[in-house]
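Report on the structure given below.
The values are calculated or read from the model by the stated rules, or taken from the named source; none is laboratory data. Note that the structure is a prediction, hence the values are computed from the model and not measured. Neighbour counts run over all protein chains shown; Cβ positions are idealised from the backbone, glycine included.
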Amino acid sequence: MRAQGGIAISSLSVGIENYSSAAGKIRLAARLGKITGALSPFAYLFSFLAAGTGIFGEKGSAARWTEALRSGDGAKLAGASMTLAGDSGLFAVNSWATARSVQYTFEALSNTSQARALAWVTAGSKLLSVAARANLIGLVLTGLQLGGEWLYNRNNKSELDKWLQKGPWGKASANRSMAEERLLLADITSVPQVVLQQVNNHPMAVLQFPGLSARELDEVGFGLSAYWLTHHQRNDWEAWSEPLLYQLSLLSAPDAPLQLGLEIFQHEANAQHGLAIALRYHPVAGDKTYREKRFETLTLNVQNGKPLSTVSMFRARTANAPWLLVTSDMLSPTNTSKTPG
């Protein structure tokens, strides 16, 4: 829209110079003012909304700045700060330009003290002044934003990126053994998750193991410990390892990534119960190294299927839940046809 408006305005500006009479120039200048008044508010409003989305979106610059601050990476934080500053500046500039363009357009429409054509000529000159300032400042802020994006992305390496960089084929090889490389890769790609989601229209807590299949379950020494929240306000938890183990059902095919499900009944979701699960497993079958992950939720309401957050410590005051080994013969064979969706 800005490009089309700019072409029209440039054409009219050239046309104004070709007129020798003052009346002709005023008519064309008024037309220029009307086009500018019609296009400017919408252009700035769309830019304002785009800048707002860039800041406050789920993966916007504000969220990335917060994530960079938590990571403690100075270069990553600098890039996120530059991007946030650029987006915030564009947000402010476009909000100012929107307000000014609406104000000047309204003044021209409501002006009764002078000829309407002269009112649009005056408004047009003011709108062009706003456009010149907004575009100049916007160009600087866009450069700041793009520079921040480059710096942030350059330092925002995933764990897999870091593993590749320090692997035997990377530029900064750490000269690790193949066993160490395999274990590190398993730590990245095989991290389990617990998700509240619908499975065949049934709310369930689904335990997901991306790097493990049902056939390999008995080889990795997978154990669990669990607590059940009985009273939310008093923070009362009870050991719940055995009930959880014997209610788990197998949701995945034998050679597919392992998924185990715990059905959540309606009265449990409505009663503000919670669940805490600790998972202990060997990332690589046959390796003695084991890992432990803890997940906790204070509600069992199935919403958008987001994974439960990992925690370092449970809210339960007494850590008395036993560790139980999960084997394939303990899982219900009647639910193997279920597929999470």
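Scanning segment 104-116 for residues being surrounded by 15 or more Cβ atoms within 10 Å (Cβ to Cβ) and in a helix (DSSP H, G or I) gives a total of 3.
Scanning segment 226-254 for residues that are surrounded by 15 or more Cβ atoms within 10 Å (Cβ to Cβ) and outside any strand (DSSP E or B) yields a count of 8.
Picking from residues in segment 255-276 that are in a loop (DSSP other than H, G, I, E, B) and at pLDDT 85 or above, the one that is farthest from the chain's Cα centre (by Cα) is Asp255. Taking residues in segment 184-212 that are not assigned by TED's automatic domain parsing to the domain that holds Ala278 and buried (at least 20 other Cβ atoms within 10 Å of the Cβ), and partners anywhere that are β-branched (Val, Ile, Thr) and part of a strand (DSSP E or B), not one pair has Cβ atoms closer than 9 Å while being at least 6 places apart or on different chains.
Among the numbered conditions (1) surrounded by fewer than 18 Cβ atoms within 10 Å (Cβ to Cβ); (2) over 30 Å from the mean Cα position of the chain (by Cα); (3) free of Cβ contacts under 8 Å to residues at least 40 places away in the same chain, the only one that Gly170 does not meet is (2). Within segment 43-61, the set of residues being free of Cβ contacts under 8 Å to residues at least 24 places away in the same chain and within 11 Å of the chain's Cα centre (by Cα) comprises Phe56, Gly57, Glu58, Lys59. Might you let me know whether segment 297-309 holds any residue that is at pLDDT 85 or above and under 22 Å from Leu183 (Cα atoms)? No: zero hits. Of the residues making up segment 67-103, those that are more than 27 Å from Leu136 (Cα to Cα) and surrounded by 14 or more Cβ atoms within 10 Å (Cβ to Cβ) number 4.
Residues that are of a type in the set (A, V, I, L, M, F, W, C) and modelled with pLDDT of 75 or more within segment 97-128 comprise Ala97, Ala99, Val102, Phe106, Ala108, Leu109, Leu127, Leu128, listed in sequence order.
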